[in-house]
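Here the structure comes first, spelled out in C-alpha cells, and everything after it is commentary.
Laboratory data are not the source of any read-out in this text; all were calculated from the coordinates shown. Worth saying up front: this structure is predicted, and the values here are computed from it rather than measured. With ideal geometry, Cβ positions are generated from the backbone for all residues, glycine too; neighbour counts draw on all protein chains shown.
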Amino acid sequence: MGVATVTSTTGEAGANTVKGAGPAQLEVRGVTKAFPGCLANDDISFRIEPGEIHALLGENGAGKSTLVKIIYGVLQADEGALIWEGKPVTIASPHDAREMGIGLVFQHFSLFETMTVLENIALAMNDVRDMDALRKQVLEVEKTYGLPLDPDRHVYTLSVGERQRIEIVRCLLQNPKLLILDEPTSVLTPQEVEKLFETLRRLADEGCAILYISHKLHEVKALCHKATVLRGGKVVGGCDPREETAKSMAEMMIGQKLTAPDRGEARQFGDVRLAVSNLSLESDEQFGTDLKGINLEVRGGEIMGVAGVAGNGQNELFRALAGETEQEAAPDSIKIDGNPVAHFGPRRRRRLGATFVPEERNGHGAVPDMSLSENGFLTAFRRMALSARGLIREVPTKSFADNIIKTFDVRTTGSGAEAGSLSGGNLQKFIVGREILQDPGVLVISQPTWGVDAGAASAIHQALLDLAAKGTAVLVISQDLDEIYAICDSVVVMAEGKMSKPRPMADVSIEEIGLLMGGLHDLEGQTNPAHDTQVEGGRLGQA
Amino acid sequence: MEWIVPFILTVITASTPLLLAATGELVTEKSGVLNLGVEGMMLVGAIAGFAVTASTGSAILGILAAVAAGTLISLIFAFLTLTLMANQVATGLALTIFGVGFSALVGSGFVGFAIEPLPALAIPGISAIPIVGPILFGQDFLVYLSIAVVIGVAWFLAKSRAGLVLKAVGDSHHSAHAIGYSVIKIRYLATMFGGAMAGLGGAYLSLSYTPMWAENMTAGRGWIALALVVFATWRPGRLVAGAYMFGLISVMQLHAQGAGIHVPSQFMSMLPYLATVIVLVIISSDRAKIRLNAPACIGQAFRAAQ
C-alpha cells in the first residue's frame with residue numbers, strides 16, 4: 001500500500017489510494033455468471049475504495065461488460081455477492097443502482113438522438129424533477145466540472161465528445177459514490193481525454209470511487225491507482241498501473257507476449273495509386289460536414305493516416321472514396337491507379353482493385369443476419385470469382401470464408417455463423433481479412449480497431465503493414481492517434497471538412513496533430529516548406 | 001347557405017372515427033410498435049359496441065364493450081409481437097383479416113337490427129345559436145371525447161415524464177433498456193391504448209355515424225387512420241387537421257355525386273392515400289424532419305441483449 005506516494009505521474013490523484021481504513025466502497029466477492037455455452041464471469045473478486053480510480057482491464061469477451069451489468073443491476077449474478085459500504089446488497093435494476101449512488105457511462109451511449117440534452121438527462125433520473133429546476137442543476141454541474149453543453153440542443157446535432165458529456169453530467173447529477181466508465185476515451189481527442197481525466201481526478205478527490213474500463217493502457221497508467229485484470233471471465237491478476245508498463249499490462253491481459261507491429265525495414269514507395277485532387281462535396285446528411293478542397297496522394301506501399309475529431313468530414317471522405325455518395329465531382333477528382341473514378345459507384349471502383357472497410361461493422365461492413373461466407377461473397381465475388389453465370393459458387397465461397405477465418409484467427413463456430421453473432425473484434429478481423437485477401441491495390445479503411453481488443457488490434461495492424469509491404473496504398477481514417485503513430489508512414493488531419501497537408505509521421509509531434517485537429521491550419525506553413533509549394537498552392541487556389 | 005351547417009356536421013361525424021383510431025395508433029407507433037391491425041380492431045369494436053347496445057339497450061355499456069374488445073384484440077397482437085417477437089407487419093395484417101372475419105361471424109345475427117343513435121349533448125339555449133350552436137354544442141359525447149383525447153395525448157407526449165419515456169422507448173429501445181425502463185411493458189400499454197381507441201372509433205361508426213351493423217362497415221377507415229399517423233408525421237396537432245381534412249374529402253365525395261359533378265367516386269376515395277403518399281414524399285426529402293418525429297425503432301422487435 002505504501003508505494004503510492006509522491007513520485008506518481010498522476011500528481012494530486014495519488015494521495016487518495018492510502019485511505020483503505022474503512023469498508024470498501026464496493027467489494028465484488030466471488031461473482032459468477034453463466035450464459036448458455038459460456039461462463040462469462042467465473043468467481044470474480046476485487047474491491048474499490050472510496051476515492052480510488054480502479055481500472056478493469058481485459059480483452060473483448062473477458063467478461064468486463066457482464067461484470068459491469070451485474071454491478072449496475074442490468075443482470076443478476078448466479079453466485080457471489082456485492083458488498084456496498086460493508087453491507088451485502090442485491091441490485092435488482094439500474095434504478096436500484098442509481099438509488100445507491102452508482103453511475104454508469106456507457107460505451108455505446110444510451111442516448112436518444114431525437115431528444116434534447118435536457119430530456120436525455122431527465123430520462124436517466126430516478127426522481128421526477130421539475131424541468132426548470134433540472135435545467136438549473138445541469139448548468140451548475142456543467143460549470144463546476146467544466147463540461148459545457150447546451151441543454152436544449154438535440155443529441156443528433158452533437159459530436160461524440162459532447163454526447164459523452166451528457167452521459168457524464170447525467171451521472172454527476174445523481175451524486176454518485178461509484179462511477180463506472182466503459183471505454184470512455186475511444187472517441188475523444190487527446191485534449192478531450194485530458195479534460196475528462198481532470199474531471200475524473202477531481203471526482204476522486206471528492207471521494208467518489210471510479211471503475212475505469214479501458215484497453216488503452218497508457219491512459220490507465222496515467223489515471224488509475226489500481227487495476228484488476230480479467231481474462232476468460234477470471235481475475236488473472238491485479239497491479240498498480242503506475243508501476244507497470246503498457247506492454248506488461250497488455251501481456252497480462254492477453255496472457256502471452258505481445259509483439260509490437262513489425263514495420264519491416266524502411267519501405268520504398270511506388271507510384272501514386274490513390275489520388276484525390278480538389279475534391280469538394282456537399283454532405284448528404286443534414287448535419288454532416290461538407291468536404292472542402294481535399295487533396296491527397298497515397299503511393300503504393302504507403303500507409304497514410306487521416307487523423308481528426310469525429311464529425312470533421314471523415315465519414316463524408318470515406319463515402320466519397322468508396323463511391324457511396326452520389327458523385328457530382330469531376331471524374332478525375334478521385335483516381336485509382338490513374339483511372340478517374342469519381343463518377344463510379346463502389347462496384348466499379350472495386351473492379352479497379354480498390355477495397356473499402358467502413359467504420360460501422362454491423363449493417364455497413366457486414367450484414368448481421370447473414371452468414372460469414374455470404375458476407376464474404378458480397379464484396380469479393382468478382383475479384384475472387386465466387387460467382388458463375390449469376391449463381392453463387394458454393395465451394396469457393398465457403399473456402400474463401402474459411403481462409404479468412406484461418407488467416408486472421410477469427411474466433412467463430414465456422415463460416416456458417418451469422419456475422420451478428422461474432423464479437424466486435426472478431427467481426428472486424430473478418431471484414432478486414434475479407435478485403436485484404438482480395439489483394440487490393442488500394443485499401444481505404446475507417447477506424448480499423450474501434451472497440452477492438454488489444455490482441456485483435458495488433459493482428460489488424462500487422463495485416464495492414466504486411467499489405468502495404470506488398471505494394472498496396474493504404475489510407476487509414478482513424479481517431480486513435482496511437483494507431484496512426486503505430487502503423488502510418490504519413491499523416492493528414494481533417495478539421496471542418498478541410499484537410500491539412502501530408503506530413504511524414506517522423507516529423508510531426510502529437511501536439512501539432514492535436515492543434516491541427518482543432519482546426520489551426522495556419523500553423524502548418526512554418527514547419528515543412530518542401531510540401532507547401534505544391535499542396536498549399538492547390539488549397540489556396542479554390543479558397 | 002342553409003346547407004353549410006349539415007355539411008359541417010357530416011364532416012365532423014365522418015372525421016371522428018378516423019381521429020379516434022389514429023390517435024390510438026399514434027401512441028402505439030410512438031412507442032415503436034407498428035400495428036397494422038387498426039381496421040380489424042375497429043371492426044371488432046364496432047360489432048362489440050353494436051351487439052352490446054342492441055342486447056342491453058345501453059349505449060354506455062356498448063361503448064365500454066367496444067373499448068374492451070379493441071383492447072383485448074390488441075393484446076393478442078402485443079403478445080404475438082412483443083412476447084413471442086413475431087413480425088409486426090405480418091401480425092398486424094393477420095389481425096385485420098381476423099377482425100374482418102370475426103366481426104362478420106359475430107355480427108351475422110345483428111344485420112338489420114336498428115338502435116337509437118347516440119344522443120347529442122345539447123345544451124339548452126347555447127346549441128340553439130345559429131350555425132355555431134349545432135356545430136360546437138350539438139354533438140354526441142364521443143366527438144368531444146375524441147378532441148379531449150387528442151389534446152390529452154398531445155400534452156402527454158410533450159409535457160409528461162411518462163410521455164417522454166414512451167418516446168424514448170420508440171426512439172432507442174436499447175438505450176431505454178440500458179437506463180432501466182421496461183421496454184416490453186411500456187409497449188404493451190401503448191399497444192393496448194391503440195386497441196382501445198380503435199375499438200372506440202369502431203363503436204362510433206356502429207353507434208352514431210350509421211347506427212346499424214353491416215359487414216365490413218369500416219370500409220377502409222382503419223387504413224386511412226394508419227395513413228393519417230404518417231401524414232401527421234406523428235404529431236397530434238397535425239393529426240386533427242389531417243383527420244378533418246380526410247373527413248372532408250370523404251364527405252365531399254358524396255356531395256359531389258349528389259350535386260351531379262362527375263368526379264369518379266374511386267378518385268375521391270383514393271384521395272386520402274394519394275395525399276399521404278405526397279406528404280411522405282415531401283417529408284422524406286427533409287430527413288431531419290422525419291428523424292425528429294418518426295420513432296426510430298418502429299416495427300423492430302426488441303430483445304434485451306445479454
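To the nearest Å, what is the center-to-center distance of segment A:297-360 and segment B:158-177, using C-alpha atoms only? A separation of 39 Å, based on Cα centres. Shielding by partners for peptide A:115-123, expressed as the average number of C-beta atoms from other protein chains within 10 Å of each residue's C-beta, is 3. Taking 26 Å as the straight-line reach from the Cα of A:LYS221, the lysines in range (excluding those fewer than 8 positions away in the same chain) are A:LYS19, A:LYS64, A:LYS69, A:LYS177, A:LYS195, A:LYS234, A:LYS247, A:LYS257.
When the Cα convex hull of segment B:4-293 is projected onto planes of every orientation, the mean area is 16.4 nm². Between B:ILE126 and A:PHE269, the distance separating the two model label sites (each 7 Å from Cα on the Cα→Cβ line) works out to 8.2 nm.
Global dimensions of segment B:76-131 from alpha-carbon coordinates: Rg and Dmax equal 20.6, 56 Å.
Think of chain A as having a plus end and a minus end, set by charges on the Cβ of Lys, Arg, Asp and Glu; of A:GLY288, A:LEU422, A:LEU181, A:LEU422 sits farthest toward the positive end of this dipole. In this simple spin-label approximation, A:GLU360 and A:MET125 carry label points 7 Å from Cα along the Cα→Cβ vector, and these lie 3.2 nm apart. Taking B:VAL100, B:VAL111, B:VAL67 in turn, the Gaussian network model of chain B (Cα-Cα springs below 10 Å) assigns the largest fluctuation to B:VAL111.
Once C-alpha pairs closer than 8 Å and six or more residues apart are averaged by separation and normalised to the residue number of segment A:317-470, the relative contact order reads 25 percent.
Here the Kirkwood formula puts the hydrodynamic radius of chain A at 24.9 Å, using every distinct Cα pair. Per-residue ellipticity at 222 nm computed for the protein assembly as shown from its helices equals -14500 deg cm²/dmol, with DSSP H segments shorter than 4 residues left out and the rest contributing -39,500 (n - 2.57). The alpha-carbon positions of segment A:83-152 define a convex hull whose volume is 128 Å³ per residue. Centroid-to-centroid, using Cα positions, segment A:78-104 and segment A:159-237 are 19 Å apart. Packing order of peptides B:243-251, A:334-342, highest average first: B:243-251, A:334-342 (average count of other Cβ atoms within 10 Å over each peptide's residues). Summing +1 for each Lys or Arg and -1 for each Asp or Glu among the other residues whose beta-carbon sits under 10 angstrom from that of A:CYS208 gives -1. Packing here is the average count of other Cβ atoms within 10 Å per residue, and on that basis the peptides A:200-210, A:166-176, A:238-248, highest first, run A:166-176, A:200-210, A:238-248.
Note on segment A:100-169: dipole from Cβ charges, positive end direction compared against A:PHE112, A:MET125, A:GLN164; the farthest Cα belongs to A:GLN164. Each part reduced to its alpha carbon centroid, segment A:371-406 and segment A:425-501 end up 23 Å apart. For A:GLY237, the residues whose amide H sits under 5 Å from its own are A:VAL229, ignoring neighbours fewer than 5 places away on the same chain, with H placed 1.01 Å from N.
For segment A:329-383, GluC sites (Glu not before Pro) are listed when DSSP marks them as loop and at most 15 other Cβ atoms sit within 10 Å of their Cβ; the list is A:GLU360. Among the chymotrypsin sites (Phe, Trp or Tyr not before Pro) in segment B:111-210, those placed in a DSSP loop whose Cβ has at most 15 other Cβ atoms within 10 Å are B:PHE113.
Comparing B:VAL183, B:VAL230, B:VAL89 in a Gaussian network model of chain B, where Cα atoms under 10 Å apart are tied by springs, the biggest mean-square fluctuation is seen for B:VAL89. Ordering A:ALA310, A:SER371, A:ALA401 by the projection of their Cα atoms onto the charge dipole of segment A:294-438, which places +1 on the Cβ of Lys and Arg and -1 on the Cβ of Asp and Glu, puts A:ALA401 at the extreme positive end. For A:LYS429, the aspartates and glutamates whose Cα comes closer than 14 Å to its Cα, not counting residues fewer than 8 places off in the same chain, are A:GLU359, A:GLU360, A:ASP402, A:ASP409, A:ASP453. Each 5 Å bin from zero up to the one holding the largest Cα-Cα distance in segment A:342-432 carries the following percent of pairs: 3, 15, 25, 24, 20, 10, 3, 1, 0. Only the Cβ atoms of Lys and Arg (+1) and of Asp and Glu (-1) were treated as charged; on that basis the dipole of segment B:4-293 about its Cα centre amounts to roughly 880 debye. With a 10 Å cut-off around each Cβ of B:164-170, the average count of Cβ atoms from other chains is 4. Considering only alpha-carbon pairs that sit under 8 angstrom and 6 or more positions apart, the relative contact order computed for chain A is 14 percent.
In segment B:4-293, Cα pairs under 8 Å separated by at least six residues give a relative contact order of 36 percent. Only Lys, Arg, Asp and Glu carry charge here, each on its Cβ (+1 for the first two, -1 for the last two); on that basis chain A has a dipole of about 1320 debye about its Cα centre. Restriction of the trypsin sites (Lys or Arg not before Pro) in segment A:63-147 to DSSP coil positions whose beta-carbon has at most 16 other beta-carbons within 10 angstrom yields A:ARG129. Debye calculation, C-alpha points only, no solvent: report log10 I(q)/I(0) for segment B:1-95 at q = 0.20 Å⁻¹, in the same order as the q values. With no solvent term, the Cα-only Debye profile gives -0.98. I'd like the FRET efficiency for B:SER160 and A:ARG153, computed as 1/(1 + (r/R0)^6) with the beta carbon distance as r and R0 of 30 Å, rounded to 0.05. Efficiency at R0 = 30 Å is approximately 0.85.
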